[in-house]
1. What helices does the chain have that are whole DSSP H segments, at least 20 Å long along their own axis by Cα, and with mean Kyte-Doolittle hydropathy of -1.0 or more?
2. Regarding the chain, what whole-number volume in Å³ per residue does the convex hull of its Cα atoms give?
3. Carbon-plus-sulfur fraction of the accessible area of the chain, 1.4 Å probe, in percent?
4. Give, to the nearest whole percent, the P(r) tail of segment 1-42 beyond 11 angstrom, counting all Cα pairs.
5. Could you sort the peptides 148-156, 32-40 by per-residue average Cβ neighbour count (10 Å cutoff), highest mean leading?
6. Roughly what percent of Cα-Cα pairs across segment 6-68 reach past 13 Å?
7. Using only Cα atoms, locate the centre of segment 156-171 and the centre of segment 18-48, then give the distance between them in Å, rounded to an integer.
8. Under a 1.4 Å probe, what is the accessible area of the chain per residue, stated in Å²?
Amino acid sequence: MSQKVLLTSKEVNIILHRLACQLIEKHLDFSDTVLIGIQPRGTFLAERLKELLEKEYHISDVSLGYLDITFFRDDFRRTNKPLEANKTQIDFLVEDKKVIFIDDVLYTGRSIRAALTAIQSFGRPSGIELLALIDRRFSRDLPIQPDYRGRQVDAINGEKVKVCWVEQDGEDGVYMVTN
(Lines give C-alpha, C1' and ligand atoms only; values in the text may rest on other atoms or scores of the structure.)
Protein backbone atom coordinates (compact mmCIF):
# COMPACT_ATOMS: atom_id res chain seq x y z
CA MET A 1 0.00 0.00 0.00
CA SER A 2 1.42 3.38 -1.00
CA GLN A 3 0.35 6.87 -0.09
CA LYS A 4 0.81 10.15 -1.98
CA VAL A 5 0.31 13.58 -0.38
CA LEU A 6 -2.47 15.53 -2.09
CA LEU A 7 -2.73 18.34 0.47
CA THR A 8 -0.39 19.31 3.29
CA SER A 9 -1.57 20.79 6.58
CA LYS A 10 -0.77 24.30 5.29
CA GLU A 11 -2.73 23.71 2.07
CA VAL A 12 -5.72 22.36 4.04
CA ASN A 13 -5.66 25.54 6.15
CA ILE A 14 -5.56 27.79 3.08
CA ILE A 15 -8.48 25.89 1.52
CA LEU A 16 -10.51 26.14 4.75
CA HIS A 17 -10.07 29.93 4.72
CA ARG A 18 -11.07 30.11 1.04
CA LEU A 19 -14.18 28.00 1.66
CA ALA A 20 -15.13 30.16 4.66
CA CYS A 21 -14.81 33.31 2.51
CA GLN A 22 -16.94 31.76 -0.26
CA LEU A 23 -19.63 30.95 2.31
CA ILE A 24 -19.55 34.52 3.64
CA GLU A 25 -19.89 35.93 0.11
CA LYS A 26 -23.11 34.01 -0.39
CA HIS A 27 -24.60 33.91 3.12
CA LEU A 28 -23.30 37.13 4.75
CA ASP A 29 -24.31 36.91 8.45
CA PHE A 30 -25.70 33.34 8.36
CA SER A 31 -28.98 34.46 9.96
CA ASP A 32 -30.97 32.22 7.57
CA THR A 33 -28.26 29.61 7.01
CA VAL A 34 -27.31 26.47 8.95
CA LEU A 35 -24.32 24.16 8.59
CA ILE A 36 -24.91 20.41 8.71
CA GLY A 37 -21.89 18.11 9.03
CA ILE A 38 -22.48 14.67 7.54
CA GLN A 39 -21.49 12.00 10.06
CA PRO A 40 -18.89 10.78 10.63
CA ARG A 41 -16.08 12.54 8.72
CA GLY A 42 -17.89 15.70 7.63
CA THR A 43 -18.26 16.82 11.23
CA PHE A 44 -14.56 17.71 11.57
CA LEU A 45 -14.71 19.94 8.49
CA ALA A 46 -17.99 21.53 9.66
CA GLU A 47 -16.56 22.29 13.11
CA ARG A 48 -13.45 23.85 11.60
CA LEU A 49 -15.51 26.05 9.28
CA LYS A 50 -17.80 27.17 12.12
CA GLU A 51 -14.74 28.05 14.21
CA LEU A 52 -13.18 30.03 11.35
CA LEU A 53 -16.41 31.89 10.61
CA GLU A 54 -16.87 32.87 14.26
CA LYS A 55 -13.30 33.54 15.39
CA GLU A 56 -11.51 34.77 12.26
CA TYR A 57 -14.40 36.43 10.44
CA HIS A 58 -16.46 37.52 13.48
CA ILE A 59 -19.77 35.99 12.43
CA SER A 60 -21.73 35.27 15.59
CA ASP A 61 -23.99 32.33 16.30
CA VAL A 62 -23.39 30.08 13.29
CA SER A 63 -25.81 27.16 13.68
CA LEU A 64 -24.12 23.77 13.33
CA GLY A 65 -25.70 20.34 13.41
CA TYR A 66 -24.63 16.77 12.70
CA LEU A 67 -26.63 14.39 10.52
CA ASP A 68 -26.28 10.61 10.61
CA ILE A 69 -27.28 9.00 7.31
CA THR A 70 -26.48 5.36 8.11
CA PHE A 71 -30.01 3.98 7.75
CA PHE A 72 -30.94 6.31 4.89
CA ARG A 73 -28.27 4.91 2.56
CA ASP A 74 -29.53 2.75 -0.30
CA ASP A 75 -26.76 0.23 0.32
CA PHE A 76 -27.00 -0.25 4.10
CA ARG A 77 -28.59 -3.70 3.77
CA ARG A 78 -25.95 -4.89 1.30
CA THR A 79 -23.17 -5.41 3.82
CA ASN A 80 -22.47 -8.30 6.14
CA LYS A 81 -20.64 -6.21 8.71
CA PRO A 82 -22.68 -4.69 11.55
CA LEU A 83 -23.49 -1.03 11.04
CA GLU A 84 -22.61 1.55 13.64
CA ALA A 85 -24.84 4.57 13.56
CA ASN A 86 -23.52 7.96 14.65
CA LYS A 87 -25.45 10.59 16.54
CA THR A 88 -27.70 13.05 14.77
CA GLN A 89 -27.62 16.34 16.64
CA ILE A 90 -29.71 19.12 15.15
CA ASP A 91 -30.97 21.46 17.87
CA PHE A 92 -32.77 23.87 15.55
CA LEU A 93 -35.42 23.86 12.85
CA VAL A 94 -34.30 23.79 9.25
CA GLU A 95 -37.72 24.95 8.06
CA ASP A 96 -37.23 27.79 5.54
CA LYS A 97 -33.47 27.91 6.25
CA LYS A 98 -30.64 27.56 3.76
CA VAL A 99 -28.87 24.30 4.62
CA ILE A 100 -25.25 23.67 3.73
CA PHE A 101 -24.30 19.99 3.83
CA ILE A 102 -20.61 19.57 4.66
CA ASP A 103 -18.64 16.40 3.94
CA ASP A 104 -14.96 15.60 3.55
CA VAL A 105 -15.08 13.63 0.28
CA LEU A 106 -17.72 13.63 -2.45
CA TYR A 107 -17.39 10.29 -4.21
CA THR A 108 -20.45 8.50 -5.64
CA GLY A 109 -23.04 10.98 -4.36
CA ARG A 110 -24.94 8.31 -2.44
CA SER A 111 -24.18 9.82 0.97
CA ILE A 112 -25.59 13.15 -0.14
CA ARG A 113 -28.69 11.47 -1.58
CA ALA A 114 -29.17 9.85 1.83
CA ALA A 115 -28.66 13.21 3.56
CA LEU A 116 -31.32 14.81 1.35
CA THR A 117 -33.78 12.18 2.57
CA ALA A 118 -32.70 12.33 6.22
CA ILE A 119 -32.91 16.14 6.54
CA GLN A 120 -36.62 16.08 5.69
CA SER A 121 -37.31 14.85 9.23
CA PHE A 122 -36.24 18.28 10.49
CA GLY A 123 -38.37 20.46 8.24
CA ARG A 124 -38.35 21.78 4.69
CA PRO A 125 -35.29 23.93 3.95
CA SER A 126 -35.61 26.85 1.55
CA GLY A 127 -32.53 25.51 -0.23
CA ILE A 128 -29.69 23.03 0.16
CA GLU A 129 -26.07 23.47 -0.90
CA LEU A 130 -23.11 21.10 -0.71
CA LEU A 131 -19.58 21.82 0.45
CA ALA A 132 -16.92 19.12 0.03
CA LEU A 133 -13.23 19.35 0.84
CA ILE A 134 -12.41 16.80 -1.88
CA ASP A 135 -14.43 16.24 -5.05
CA ARG A 136 -13.67 12.93 -6.78
CA ARG A 137 -15.28 14.14 -9.97
CA PHE A 138 -15.20 11.04 -12.21
CA SER A 139 -16.72 8.67 -9.65
CA ARG A 140 -20.34 9.80 -9.46
CA ASP A 141 -23.26 7.34 -9.51
CA LEU A 142 -25.78 10.17 -9.12
CA PRO A 143 -26.03 13.67 -10.66
CA ILE A 144 -24.77 15.48 -7.56
CA GLN A 145 -22.16 18.26 -7.66
CA PRO A 146 -20.70 20.44 -4.88
CA ASP A 147 -21.50 24.14 -4.68
CA TYR A 148 -18.21 24.67 -2.85
CA ARG A 149 -15.16 22.44 -3.26
CA GLY A 150 -11.72 22.52 -1.73
CA ARG A 151 -9.91 20.48 -4.38
CA GLN A 152 -10.91 18.34 -7.33
CA VAL A 153 -9.18 14.97 -7.48
CA ASP A 154 -9.09 12.48 -10.31
CA ALA A 155 -8.78 9.00 -8.83
CA ILE A 156 -9.33 5.63 -10.41
CA ASN A 157 -11.41 3.00 -8.66
CA GLY A 158 -8.48 1.24 -6.95
CA GLU A 159 -7.39 4.48 -5.32
CA LYS A 160 -8.82 5.89 -2.12
CA VAL A 161 -8.73 9.46 -0.86
CA LYS A 162 -7.91 9.64 2.85
CA VAL A 163 -8.60 12.87 4.74
CA CYS A 164 -6.83 13.28 8.07
CA TRP A 165 -7.88 15.74 10.77
CA VAL A 166 -5.68 16.77 13.67
CA GLU A 167 -8.60 16.17 16.06
CA GLN A 168 -8.81 12.48 15.16
CA ASP A 169 -5.65 11.53 13.26
CA GLY A 170 -3.07 13.83 14.85
CA GLU A 171 -2.47 15.81 11.64
CA ASP A 172 -4.28 17.67 8.89
CA GLY A 173 -3.66 16.31 5.41
CA VAL A 174 -5.16 14.59 2.39
CA TYR A 175 -3.61 11.50 0.84
CA MET A 176 -4.17 9.28 -2.19
CA VAL A 177 -3.86 5.66 -1.06
CA THR A 178 -3.31 2.82 -3.51
CA ASN A 179 -3.29 -0.88 -2.74
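The values are calculated or read from the model by the stated rules, or taken from the named source; none is laboratory data. Quick caveat: nothing in here was measured; it's all calculated off a predicted structure. Because the Cβ atoms are built from the backbone with ideal geometry, glycine has one as well, and the counts that use them run over all protein chains shown. Heavy atoms of the whole protein, side chains included, go into the accessibility calculation; ligands, DNA and RNA do not. Shrake-Rupley method; radii C 1.70, N 1.55, O 1.52, S 1.80 Å.
1. Details: long enough: 9-27 (27 Å, -0.01).
The answer, listed by residue number, is 9-27.
2. On the way: hull volume 22.1 nm³, N = 179.
Dividing the Cα hull volume of the chain by its residues yields 123 Å³.
3. Numbers: 4650 of 9840 Å².
Carbon plus sulfur share of accessible area: 47 percent.
4. Numbers: 642 of 861 pairs.
Tail of the P(r) past 11 Å holds 75 percent of the pairs.
5. Numbers: 148-156: 16.7, 32-40: 21.9.
In decreasing order of mean packing, 148-156, 32-40 become 32-40, 148-156.
6. Values: 1221 of 1953 pairs.
I get 63 percent for the Cα pairs in segment 6-68 exceeding 13 Å.
7. Between the Cα centres of segment 156-171 and segment 18-48 lies a distance of 20 Å.
8. 55 Å²
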